[in-house]
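J.: Following this message is one structure expressed as structure tokens.
The values are calculated or read from the model by the stated rules, or taken from the named source; none is laboratory data. What you see is a predicted model; the values in this text were computed from it and never measured. Quick reminder, even Gly has a Cβ in these numbers, built from the backbone with ideal geometry, and neighbours come from all protein chains shown. Only protein heavy atoms, including side chains, enter the accessible area calculation; ligands, DNA and RNA are left aside. Shrake-Rupley method; radii C 1.70, N 1.55, O 1.52, S 1.80 Å.
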Amino acid sequence: MSEIHTQRVTFTRGRRLIADGIDITGPAGSVTALVGPKGSGKSTLLRLIAGALRADSGSMSLDAEPLSSLHRRERAQRIALVEQEWATADGLGGRDVVALGRVPHQGWFATTADDERVIANSLTAAGAADLADRDVATLSGGERQRINLARALAQQPSLLLADEPTNHLDIRAQWETMTLLHGLSRNGMTVIAALHDLNHAAAFADHVVVLADGRVAAAGSAPEVLTAETIAAVWGISLEVMRRADSDRPLLVFPLLA
Ligand SMILES: Nc1ncnc2c1ncn2[C@@H]1O[C@H](COP(=O)(O)OP(=O)(O)OP(=O)(O)O)[C@@H](O)[C@H]1O
């Protein structure tokens with residue numbers, strides 16, 4: 001199981017400090033929810049950890065091993081990033097896109113029977129088996145989301161980074177996705193998911209990190225972090241924080257209008 005740490009990570013674009021000394025921990029075998037207002041730096045942090053962006057300063061480690069010491073291929077074997085963006089060539093089928101997840105594990109030779117098994121299992125786990133033969137150019141936002149997730153699973157990473165994995169999904173698909181991420185963590189995968197829906201973080205996350213203006217504003221368990229005070233300070237909205245009957249996990253509701 002892999003624990004991820006970032007220490008004093010900074011990232012600047014132009015004159016803007018987008019990540020301003022970020023220290024976070026993603027505990028091994030658990031789901032960490034990364035929450036924060038629009039533009040707070042969630043996607044940037046995930047891309048920095050995945051190696052899609054390079055930090056200006058600071059350090060990151062996976063299992064106490066500096067990420068900077070991992071070769072690109074090794075990093076891709078251990079860390080997968082599920083993004084919103086869709087950068088695949090038209091004309092590919094769903095299965096072809098998922099097969100790309102095997103590339104970091106493959107040698108010079110063609111896909112093996114083992115790869116085929118992993119691809120099929122990943123499609124099934126992500127609820128995308130029926131999309132295997134579809135031209136990806138014709139997929140809806142939610143269907144793309146499932147194929148992207150299946151592709152990341154095919155990478156068999158120890159750290160899965162998911163950027164708004166429930167975006168575009170209907171309520172049942174949101175439940176299935178969050179249940180899948182939770183299940184993966186219980187099987188030893190470390191998951192960090194950037195989420196907009198604070199109730200998803202409240203219900204499913206083991207650990208919650210709040211970003212605001214490129215800094216960590218709060219971190220801890222859902223009941224510790226998702227308080228009315230923190231939400232008001234960071235998002236500028238007064239939500240009602242209720243308690244579930246059977247759990248100390250919070251339930252966040254909008255105040256009723258008069
Ligand atoms: N290539 C870029 N050039 C300039 N600014 C950028 C670039 N990419 C991101 N930013 C800025 O960095 C800030 C953080 O963006 P980021 O996408 O990481 O935030 P986020 O928390 O994921 O936002 P959202 O919830 O809206 O997806 C934003 O203000 C954004 O406009």
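J.: Taking the Cβ of Glu164 as the center, what net charge do the other residues with Cβ under 12 Å away carry, scoring Lys and Arg +1 and Asp and Glu -1?
T.: Cβ neighbours under 12 Å give a net charge of -2.
J.: Add +1 for every Lys or Arg and -1 for every Asp or Glu among the other residues with Cβ under 12 Å from the Cβ of Ala212, and state the total.
T.: Net of charged neighbours comes to +1.
J.: May I ask for the angle, rounded to the nearest 10°, between helix 171-186 and the longest principal axis of the chain, with both axes built from Cα atoms and the value confined to 0 to 90°?
T.: In the chain, helix 171-186 runs at an angle near 80 degrees to the longest axis.
J.: Rounded, prolate or oblate: pick one for segment 39-92, where a ≥ b ≥ c are the square roots of the eigenvalues of its C-alpha gyration tensor, a/c under 1.5 means rounded, and failing that, prolate if a/b is larger than b/c, else oblate.
T.: Taking the square roots of the gyration eigenvalues as a ≥ b ≥ c, segment 39-92 is oblate.
J.: Let me have the 222 nm mean residue ellipticity of the chain computed from DSSP H runs of 4+ only, each contributing -39500 (n - 2.57), with the sum over all residues rounded to the nearest 500.
T.: Estimated from H runs of four or more residues: -9500 deg cm²/dmol.
J.: I would also like to ask the following. Compare Thr6, Thr227, Thr138 by solvent-accessible area with a 1.4 Å probe and give them largest first, with all protein chains kept in place.
T.: Thr138, Thr227, Thr6
J.: How tilted is helix 113-125 with respect to the longest principal axis of the chain? Cα atoms for both, answer in degrees (0 to 90, nearest 10).
T.: With both axes taken from Cα atoms, the answer is about 30 degrees.
J.: In addition: Starting from the Cα gyration tensor of segment 53-209, take the square roots of the eigenvalues, sort them a ≥ b ≥ c, and report rounded, prolate or oblate (rounded when a/c is under 1.5, otherwise prolate if a/b is larger than b/c, else oblate).
T.: Oblate is the answer for segment 53-209, as a/c is 1.5 or above yet b/c matches or exceeds a/b.
J.: Count charges around Ser61 for me, please; just the other residues with Cβ under 13 Å from its Cβ, Lys/Arg as +1, Asp/Glu as -1.
T.: Cβ neighbours under 13 Å give a net charge of -1.
J.: If exposed chymotrypsin sites (Phe, Trp or Tyr not before Pro) are those in a DSSP loop with at most 13 other Cβ within 10 Å, what is the longest stretch of the chain that has none?
T.: Here the longest run is 110-258.
J.: Taking the chain as a Gaussian network, Cα atoms linked when under 10 Å apart, which of Leu46, Leu153, Leu17 shows the biggest mean-square fluctuation?
T.: The residue with the greatest mean-square fluctuation here is Leu17.
J.: If you don't mind, another one. Between segment 204-224 and segment 45-89, what's the alpha-carbon centroid distance in Å?
T.: Here the answer is 21 Å between Cα centres.
J.: While we're on this one: Can you say what percent of the DSSP beta bridges in the chain, counting only those with both residues inside, are antiparallel? Round to 5.
T.: 60
J.: Now for a different question. Please check the chain for the longest run free of trypsin sites (Lys or Arg not before Pro) that are loop-located per DSSP (anything but H, G, I, E, B) and have at most 11 other Cβ atoms within 10 Å.
T.: After excluding every exposed loop site, the longest remaining stretch is 55-243.
J.: Something else: If DNA, RNA and ligands are ignored and the probe is 1.4 Å, what is the ranking of Met1, Met189 by accessible area, most exposed first?
T.: The most accessible residue leads, giving Met1, Met189.
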